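K.L.:
A single structure is presented below for examination.
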Amino acid sequence: MSVFLIADIKITDDGWVPEYAGNVHKIVEKHGGKYLSRSGNIEMLEGAEKDSTLIAILEFPTREALDSFASDPEYAPYGQARQAGSVSNFHVIDDTDIAGTIPYLPAG
């Protein structure tokens with residue numbers, strides 16, 4: 001079952017961004033993950049406006065793979081730098097349909 005990490009980030013000090021952007025995708029790939037998007041082109045379609053700087057969507061083959069990425073000692077300094085220079089909200093969702101009515105998604 002795939003899981004998705006949705007990172008909603010407001011950058012407060014961009015000093016961490018070049019190193020993070022240049023290196024973290026390799027650590028994600030090491031754990032079987034991939035970026036589906038990492039974009040600052042954010043447009044609110046509905047709801048309250050947020051002050052996000054970027055939103056990234058990553059896919060991992062399993063929750064265990066995502067957890068291995070998040071706890072990888074190689075990722076730790078990048079994660080700490082991001083946390084120090086941003087307000088980050090990370091959400092994890094799986095690939096299920098809570099209502100169970102979409103035939104191509106597993107019922108959640």
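Laboratory data are not the source of any read-out in this text; all were calculated from the coordinates shown. Since this is a predicted model, take the numbers as computed values, not measurements. Every residue, glycine among them, receives a Cβ derived from its backbone with ideal geometry; neighbour counts consider all protein chains shown.
K.L.:
What FRET efficiency comes out for the pair ALA107/ILE6, r = Cβ-Cβ distance, R0 = 30 Å, nearest 0.05?
P.N.:
Working from the Cβ atoms, E equals 0.90.
K.L.:
At VAL92 and GLU49, where each label point lies 7 Å from the Cα along Cα→Cβ, what is the point-to-point distance in nanometres?
P.N.:
Between VAL92 and GLU49, the label points sit 3.4 nm apart.
K.L.:
In nm, what is the difference between 0.36 nm times the number of residues separating LEU36 and ALA99 and their Cα-Cα distance?
P.N.:
The span from LEU36 to ALA99 would gain 20.2 nm if fully extended.
K.L.:
Another one. Among all the aspartates and glutamates, which ones have a C-alpha under 20 Å from LYS10's C-alpha, if same-chain residues fewer than 8 places away are not counted?
P.N.:
GLU19, GLU43, GLU46, GLU49, ASP51
K.L.:
Hey, another quick one. Which order do PHE4, PHE60 fall in if you start with the one that has the fewest other Cβ atoms within 10 Å?
P.N.:
PHE4, PHE60
K.L.:
Another one. How high is the relative contact order of region 1-68, given as a whole-number percent (alpha carbon pairs under 8 Å, six or more residues apart)?
P.N.:
Normalised by residue count, the contact order of region 1-68 is 52 percent.
K.L.:
Next question. Tell me whether the chain comes out rounded, prolate or oblate; compute the Cα gyration tensor, take square roots of the eigenvalues as a ≥ b ≥ c, and use a/c under 1.5 as the rounded threshold.
P.N.:
Oblate is the answer for the chain, as a/c is 1.5 or above yet b/c matches or exceeds a/b.
K.L.:
For LYS34, which lysines qualify as cross-link partners when the Cα separation must be under 16 Å and same-chain residues fewer than eight apart are set aside?
P.N.:
Straight-distance partners of LYS34: LYS26.
K.L.:
Sort ASP51, ASP94 by Cβ crowding within 10 Å, fewest neighbours at the top.
P.N.:
In order of increasing Cβ crowding within 10 Å: ASP51, ASP94.
K.L.:
Once R0 is set to 22 Å, what does the formula 1/(1 + (r/R0)^6) return for the Cβ-Cβ distance between GLU19 and ASP72, expressed as a FRET efficiency to the nearest 0.05?
P.N.:
So the FRET efficiency works out to roughly 0.90.
K.L.:
Near TYR35, within a Cβ-to-Cβ distance under 12 Å, what is the net charge of the other residues, with Lys and Arg +1 and Asp and Glu -1?
P.N.:
Within the 12 Å Cβ shell, the charges total +1.
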